[in-house]
Structures are given as C-alpha cells and as structure tokens.
C-alpha cells in the first residue's frame, strides 16, 4: 500500500509539474501575442503620419496651382503711379507703370475704368479697353482719348507679341478738352477675359 501510495503521489507530482509547464508556456504565448498586438498602434501611428504628410503635400501642390495663375486666373501685379505731370496744362496726366507681374495677360483683356468730376460738377464714368485702336500705342500728347497705353512689346520665338506685363504704361489725362483740371479722379484696372472669372487688379482714388 505504501508503495502504491508513493507511486500515486509521484504520478500526481508529475501531472502537476506537466500542467505547470503547460501553463507557463501558455502564459509566454499570451505575452508574445500581447507584444505582437502592441505593435499595431505603433504601425497605425506611423501610417497616420505618413498619410498626413502625403495629404499635406497634395494640398500644397493644389494651393500652389491656384496661386500660380495662368490664363484662367488673375496674377498679382504691382504698379507705380507718377503724378508729377498731373498738376495742369494741355496734356497733364498720371502715368501708371506696371512694375511687376506673375504672368503676361492679354492686352485685349485689360479694361480701365476712369471716373472723375468734370468742370460743371457732374460725375463722368468711362471705360477703355487697352487694345482699342484709339488707346493702344498712344500717349496724351498725340491722342484725344482720356486713357492711352504704350506697350513694352516683347517677342516669342522671333515673333512680336502684345501683352499686359512689366514695363507697360497707362496714361490717364487729368484735364478735359478745354484744359480744365479734373477732380475726384478714380481709376480702376481690371482683367476681363472672354471666358472665366475676371478681377480688379488695382484701384486708385483721389488721384
């Protein structure tokens, strides 16, 4: 009986040891599985950062394409106004020169709105297209038009072309045909293409 009991205890001890080993192996497997699952949030974070960077690049390119204007858009333009010869006289005028432009614009797509108070007190509002044959290529000394335009003509592939760009000059008369000085002068230069949206490039008040 003692031998049988001892054998039974020995077998029980072996079984318990075996179960303990199995439980330890199971615990190690669970720990490994938890470690493997813990990698997933890290990978997800890396993917989110990568996606954010890619989207930021796409948005930047898209925004840049909107800012970099072609024929469908309106560029930023800078102007300089010289009023040194606007005080009076037969051919008094303001000189507006384009000093900077992102792209060249078609001359026929540029309109100048000229508003002023005449000698009799009435407000006069006129519009001029820079490609008009009575405007283009003239200046106040050789034209009766209130607005004239001299083009700093460029060339492309050996061919001469007209455009509204850096170096071009718009002249705005400041006296009427009788030599009377005009007051409350308002000038607006606008881009008005045949298709697509136009915009005001620049305005001047109280010149």
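Just rank 95, 202, 76, 125, fewest to most, by other beta-carbon atoms within 10 angstrom.
Values: 95 18, 202 15, 76 12, 125 9.
Result, fewest neighbours first: 125, 76, 202, 95.
How long are the three semi-axes of the equivalent ellipsoid of region 75-203, in whole Å, if each is the root of 5 times an eigenvalue of the C-alpha gyration tensor, listed from largest down? Present the calculation step by step, with values, prior to reporting the outcome.
Working: eigenvalues 135, 50, 33 Å².
Its equivalent ellipsoid spans semi-axes of 26, 16, 13 Å.
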Descending packing, highest mean Cβ count within 10 Å first, for 170-177, 190-197 is 170-177, 190-197
Rounded to one decimal in nm, the spacing of the 7 Å Cα→Cβ label points at residue 161 and residue 49 is 4.7
Distance in nm between residue 205 and residue 102 label points, each 7 Å along Cα→Cβ, equals 2.6
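Arrange 48, 77 by Cβ neighbour counts within 10 Å, fewest through most, would you?
Numbers: 48 10, 77 19.
Least crowded to most crowded, the residues run 48, 77.
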Expected unfolding gain across residue 91-residue 197 under the 0.36 nm per residue rule, minus the alpha-carbon gap, is 34.6 nm
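Coordinate-derived values only; no laboratory data. Fair warning: this is a prediction, and the values are worked out from it, not measured in the lab. When we count neighbours, we look across all protein chains shown, and the Cβ atoms used for this are built from the backbone with ideal geometry, even at glycine.
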